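Since every read-out is calculated from the coordinates, none of them should be taken as a lab result. Please read these numbers as outputs of a predicted model, since none were measured by experiment. Positions of Cβ are generated from backbone atoms using ideal geometry, with glycine treated the same way; all protein chains shown enter the neighbour counts.
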Amino acid sequence: MSALQLAVTVIMAGCLFWLGLYLIGRNYRRLMLWPAGAGLFAYSVLLTLNVLDRYAPSITIAQAISRWQIAFTLLPVLFWLVFLIIVAPRENAWRQRMTENRTMMLVIMGGTVLFAVGIGFMQLGDTAVSRFWLLHLLAFNLLVLGTAVAALDAADEGESLWPHYLRSFDYAFFTALLFGIQIVLVMYFATGVSFAMLILLIVTIDTAVIVQTFSSRVTTWLDGVAFFYFPAVRRERAVLRAGADAASRVHEGVDVSAMEPEAFARLTRKAISHMGNLPRLAASPLTQLPLVTA
């Protein structure tokens, strides 16, 4: 595997890992986000195993990795099927989603077909497209699908997607780059590419992504330790974090006063379901009502 191929694989695996966690972290109470996020995570593991297989230090380890690759080729498919079942369990539910979010649903449907075809080609073994490029075309397809799922969730919640999405990606990417580049330099100037160093690189990148993707929750836990004897400080910092998170989610273009009664009722039910979850409640479009902003 060339240096370029290795770099592309590590970057794609990291992006899939981040997006999978981002989907789950958007709203851990939203059932449809779990299988979608888990599918991206599973495919990230598949890309990682594909790299480690090339540098396995023994035949036994290589055989074990090959067996795991078979499992993680099927897992994304199973998770995506679960997602589709959750999104539209009945025909009328599917029609409603097609009416309300037609573009995102068409992207999801088209991406699902391409993903199924790609997995089928992968199982054939010898194809016109090399396994490396097929794996990464499917990875890019999953990135588009994951983004469409995030957009669908944001539309359901009446929130803005891109500010929150890009903020999470920027923080995760540059933090992973900061720590990962140090290991890359060690491999380039000293140790070379090896099985152990690749594991260290991937674990470091994934740890950085986890910490940044769930930075709000990590900060809350750390505040619980640092300000254990200062509950007022903890509460004040929690309110400030909720406001900062909500600022990147609020859809200022939504005119709540001009909404259809059904849409307003749906947002009201969503807001009630977020009672006790200050960041999500603060991001609701209902906070723009004159009664609230007054």
Tell me the label-point distance for the pair Ile199, Val77, using the 7 Å Cα-to-Cβ offset, in nm and rounded to one decimal.
3.0 nm
Rel. contact order, % - alpha carbon contacts under 8 angstrom, at least six apart, the stretch 3-213
26 percent
Which residues qualify? For Val250, with a placed amide H closer than 5 Å and at least 5 residues away or on another chain, they are Ser160
Between Leu84 and Arg217, take the C-beta separation as r, use R0 = 22 Å, and let me know the FRET efficiency to the nearest 0.05.
0.15
Output ordering of 28-41, 215-228, 99-112 (per-residue mean of other Cβ within 10 Å, highest first) is 28-41, 99-112, 215-228
Between Phe228 and Arg67, what length in nm is gained on full extension when 0.36 nm per residue of separation is reduced by their alpha carbon distance?
53.3 nm
Ser2 to Arg237: extension gain in nm, 0.36 nm per residue of separation minus the Cα-Cα distance?
79.9 nm
Compare the peptides 204-213, 186-195 by average per-residue count of other Cβ atoms within 10 angstrom and give them in order, highest first.
204-213, 186-195
Between Tyr188 and Leu166, what's the calculated FRET efficiency when r is the beta-carbon distance and R0 is 41 Å? Round to 0.05.
0.85
Run the numbers for Ile59 and Ala244: contour at 0.36 nm per residue of separation, minus the present Cα-Cα distance, in nm.
61.5 nm
Once the Cα gyration tensor of the stretch 3-213 is found, what semi-axes does its equivalent ellipsoid get, as square roots of 5 times the eigenvalues, in whole Å, sorted largest first?
31, 21, 13
Please find the FRET efficiency linking Ile181 to Thr103, where r is the Cβ-Cβ separation and R0 is fixed at 30 Å, and quote it to the nearest 0.05.
0.20
